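Okay, structure first, notes after.
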Amino acid sequence: MTTPDHPFHLADTTSAAGAQQQANKALVLKVMSLLVNPETAEQVRPLLTESYIQHNPNIASGAESIIAFTRTPEAARARQNMRPAAEPPVLIAEGDKVVMMLVRELQDPDEPSRTYKSYWFDLWRIEDGKLAEHWDGALKETR
């Protein structure tokens, strides 16, 4: 069943709400493409709300913190694990939220000559055409 009142309905990309969801997904892709390069990270500033909230325990809230993070050794390691991308990201939009799933191909710690796939999920809340909030499954790192 694909009626709007059914919990498993298909997204409507032809309505205003569907068009907004597509714009929200495009915004997430744009911000992520800028953040993976420390040289372009500054360009995300106008795409984030002034009160941008970061729920990753290793990054403080605010545009300055996420931009600064792109220049850290942790971010360099993450970029290394993301390239080349094993598969294109999967984006799902619902209301003001966008979920992105990235596939990372990582070295198998038990068999270094082999790799395995790991799936990473991020969630954003969009407010007035800007990223307002971000969640992911990051664990707190030791300093």
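Here, each number is a calculation from the coordinates, and none is a lab measurement. Just so we're clear, the structure is a prediction, and the values are computed from it rather than from any experiment. Positions of Cβ are backbone-derived with ideal geometry, glycine not excepted, and every protein chain shown enters the neighbour counts.
With one equal scatterer per alpha carbon and no solvent term, the Debye-computed log10 I(q)/I(0) for the chain at 0.15, 0.16 1/Å reads -0.83, -0.93. Out of all DSSP beta bridges in the chain, what portion is antiparallel? Express it as a percent rounded to 5. Looking only at bridges with both residues in the chain, the antiparallel portion is about 90 percent. For Lys30, the lysines whose Cα falls under 22 Å of its own Cα, not counting residues fewer than eight places away in the same chain, are Lys97, Lys130.
Legend: calculated FRET efficiency, Thr72 to Leu123, from the Cβ-Cβ distance at R0 = 30 Å, rounded to 0.05, equals 0.85. A simple spin-label model places pseudo-atoms 7 Å from Cα toward Cβ; at Arg45 and Ser15 they are separated by 3.9 nm. Taking amide H atoms as placed 1.01 Å from N in the peptide plane, the amide H of Asn56 lies under 5 Å from those of Asp136, each 5 or more residues away in sequence or on another chain.
For the chain, the longest principal axis of the C-alpha atoms and the axis of helix 16-35 are separated by about 10°. For Lys25, a cut-off of 16 angstrom between C-alpha atoms picks up these aspartates and glutamates, skipping any fewer than 8 places away in its own chain: Asp12, Glu94, Asp96, Asp122, Glu127, Asp128, Glu133. When only the Cβ of Lys, Arg, Asp and Glu is charged (+1, +1, -1, -1), the dipole of the chain relative to its Cα centre reaches about 360 debye. If you average the alpha carbon positions of segment 94-143 and of segment 18-34, how far apart do those two centres end up, in angstrom? Here the answer is 16 Å between Cα centres. As a length-normalised measure over Cα pairs under 8 Å and 6 or more apart, the relative contact order of the chain settles at 23 percent.
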